[in-house]
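The structure appears below as structure tokens.
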Amino acid sequence: MLLDDPRAGAPPGPLGRIVQALAVAFALAGGAVLVAMTLATSASILGRWLFSRPLPGDYELAQLGTAVAVAAFLPYCALRGGHVLVDFLTARAPARLRAALDALGNLAIAAIGFLVAWRLSVGLADLRAAGETTMVLAIPTWWAYVPVAASFALLGVAALDRAVAMLRRALGAGA
Amino acid sequence: MSGVELGALMFGVLVLLLLARVPIGAAMFGVGVAGYVWLAGWLPLASHLKNAAFGRFAVYDLSVVPLFLLMGNFATHGGLSRALFGAAAGLIGHFRGGMAMAGIGACAGFGAICGSSLATAATMGQVALPELRRHGYSPRLATGALAAGGTLGILIPPSVVLVIYAILAQQNIGKLFAAAVVPGVLAALGYMAAVAVYVRLHPGAGPAGPRLAWRQRLRELRGVWPVLAIFLTVVGGIYGGVFTPTEAASVGTLATALLAWSRGMRRRQFVQCLLSTAESTAMIFFILLGADLLNVFLALSQLPAELAAWVQGLGAQPLAVLFAILLLYVLLGCLMDALSMILLTVPIFLPIVLGLDLFGLEATEKAIWFGVLALMVVEIGLITPPVGMNVYIINSLARDVPMAETFRGVAPFLIADALRIVVLVLFPVLSLALVRWMQ
């Protein structure tokens with residue numbers, strides 16, 4: 001259940017800085033979407049109370065916003081080693097064995113990231129062709145798919161970068 | 001191989017993957033994908049995945065999860081923990097053990113605007129632990145009380161785990177929050193009673209603090225009213241139907257942000273709040289995505305339905321079955337975090353519980369009540385060995401205290417937990433009265 005902690009001295013991966021900067025940028029962009037959501041929702045409540053006119057489409061904006069924000073958070077979390085795991089058997093295992101297992105775990109996350117990004121981009125093309133839009137504001141749904149698919153692709157890259165870093169540590173001279 | 005056999009086999013594979021340190025979300029996702037492909041083939045899966053991730057995240061009710069996390073982060077940076085502890089210590093610090101009780105009370109207050117136990121333990125620990133030590137409290141009592149008090153973060157609504165349960169069990173979030181209020185208050189009172197009993201047995205462990213004049217107490221209390229106002233707006237607003245949960249969380253987040261700003265949060269801390277919200281949100285939603293795939297496969301395998309039918313066919317005492325399930329949660333809690341346990345088990349256990357005749361409750365009430373019970377038992381995992389995260393967090397703040405000492409300090413609070421859970425099982429009305437009254 002312990003988070004594997006990058007501050008505990010995990011070496012940076014081969015793409016280190018670039019992935020790091022991208023992941024932080026995605027996370028902050030997601031945070032901005034979240035903050036915008038709270039403002040829009042609060043404005044909608046005010047509108048409802050004062051003029052009995054809520055912001056049109058607040059419901060669907062919150063839906064799309066959540067998906068975009070949450071997906072944008074994923075690469076940052078992966079890079080920080082923030083995904084929970086069970087540390088019951090391995091807590092006292094040698095550091096190299098743990099690093100090797102963590103390399104595998106990150107490979108699994110990377111595989112999921114790339115698989116989902118690929119399928120989402122197919123889904124995106126379908127939605128675009130079908131011209132599906134949201135109910136109230138008529139926003140094309142595929143717009144929201146673009147950042148989400150990109151986030152999953154970046155998740156794949158970030159996890160891969162970490163997998164390489166962990167593998168180096170497992171093979172390297174002691175840890 | 002039948003669907004049920006495959007489901008059981010895949011569960012075994014999942015356990016092996018988890019023990020091999022595969023991140024919980026990834027393990028669930030992988031097992032779900034493999035089982036799905038086995039039962040239905042690759043094409044249906046490929047088509048499911050075209051929308052699954054987006055559909056899982058673009059849920060209106062789920063938007064409260066990142067919002068509540070952001071709100072908790074603002075509360076952490078806004079120095080609210082200090083105000084809460086100051087007020088509680090001013091009121092009851094002069095009793096024997098009163099400072100520890102004040103720490104617990106302040107945790108409860110913080111839990112009312114923060115949906116996460118780890119955050120509550122970390123913030124309150126930083127404020128209250130030095131104070132307790134300064135007043136001569138034994139390290140065992142001081143660390144134990146704060147580790148246990150931290151669990152109130154999630155036991156008292158708003159609670160992220162309850163939101164996820166509500167969505168899994170298709171129940172109303174507002175009703176679940178209302179149902180958790182009385183049990184949450186009982187938890188805080190039970191922990192305070194545990195302190196009272198402990199200092200009676202070990203009088204040196206918790207010396208009385210200074211008694212404050214009422215004028216001073218009132219001054220301390222004035223710092224606390226915004227917390228109460230925010231809690232009432234959020235939880236009351238959701239239940240009273242004034243707000244949807246998302247609206248309440250938005251208003252609460254905005255109010256907490258302004259409060260934190262007025263207490264000195266600036267751009268640097270604001271960015272820190274966003275990043276730490278990003279990390280915990282992603283952690284939760286990655287598990288959610290994995291659990292989604294796993295549950296699609298499990299539903300396909302018929303395992304949950306068959307298991308529920310089998311348990312019903314046993315003709316066992318319904319209460320015995322319920323207690324067995326709760327005990328299983330406590331054991332699982334030695335391995336996993338609260339949220340993963342809920343996501344992994346609710347699709348399996350809820351049909352079983354709904355199939356039992358428990359005090360003649362109807363399905364909705366049973367689902368709400370079971371949600372509260374499950375919340376209580378999964379939180380025990382935060383303070384039990386081998387990996388009680390709250391114990392780790394508090395212990396890391398007191399480097400001179402051995403870990404075993406903190407685990408020993410938690411013991412009286414575990415007894416309080418066990419007693420409370422038995423009472424809540426035997427008297428469902430404690431959880432359901434507020435829900436019924438507000439209807």
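The values are calculated or read from the model by the stated rules, or taken from the named source; none is laboratory data. This structure is a prediction, so every number in the text was calculated from the model and none was measured. Cβ atoms come from the backbone with ideal geometry, glycine included; neighbour counts cover every protein chain shown. Just the protein is used for accessible areas: all its heavy atoms, side chains included, with ligands, DNA and RNA removed. Shrake-Rupley method; radii C 1.70, N 1.55, O 1.52, S 1.80 Å.
Computed quantities for the displayed model
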quantity	calculated
The range B:163-315: C-alpha gyration tensor shape, a/c 1.5 cut-off, then a/b vs b/c	oblate
Spatial separation of Cα centroids for the range B:321-379 and the range A:94-122, in angstrom	31 Å
Surface per residue (accessible, 1.4 Å probe) for chain B, Å²	36 Å²
Whole-Å distance, taken between Cα centres, linking the range B:6-65 and the range B:384-439	31 Å
Directionally averaged projected area (convex hull, Cα atoms, the range B:388-439), nm²	5.0 nm²
Estimated FRET transfer efficiency (B:Val271, B:Arg134; beta-carbon r; R0 41 Å; 0.05)	0.80
Span-rule helices in chain B, defined as complete DSSP H runs reaching 27 Å or more along the axis (Cα) with Kyte mean at least -0.5	B:173-201, B:267-301, B:403-426
Loop trypsin sites (Lys or Arg not before Pro), the range B:221-308 (other Cβ atoms within 10 Å of the site Cβ: 14 or fewer; DSSP)	B:Arg266
The protein assembly as shown, accessible surface, carbon-and-sulfur percent (1.4 angstrom probe)	68 percent
Compactness of the protein assembly as shown - radius of gyration and Dmax, Cα, Å	23.8, 75
For B:Arg263, distant residues with modelled amide H under 5 Å away	none
DSSP-assigned coil residues among trypsin sites (Lys or Arg not before Pro) in the range A:20-120, each with at most 15 further Cβ atoms within 10 Å	A:Arg92
Distant-in-sequence amide H partners of A:Thr133 (H built 1.01 Å from N, under 5 Å)	A:Thr141
Volume per residue of the C-alpha convex hull in the range B:249-341, rounded to whole Å³	169 Å³
Range of Cα positions in chain A per principal axis (Å), largest first	67, 37, 30
Rg(Cα) / (2.2 N^0.38 Å) computed for the range B:62-438, rounded to two decimals	0.97
Scattering profile of the range B:286-423 at q = 0.18 Å⁻¹ [log10 I(q)/I(0), Debye over alpha-carbon scatterers]	-1.06
Heavy-atom accessible area order for B:Ile24, A:Ile139, largest first, 1.4 Å probe	A:Ile139, B:Ile24
Rounded FRET efficiency, nearest 0.05, which uses the C-beta distance separating B:Leu218 from A:Trp49 and R0 of 35 Å	0.60
Cα-based Rg and Dmax for the range B:321-393, where Dmax is the largest Cα-Cα distance (Å)	12.9, 42
Three-way shape label, the range B:66-154, alpha-carbon gyration tensor, a/c 1.5	prolate
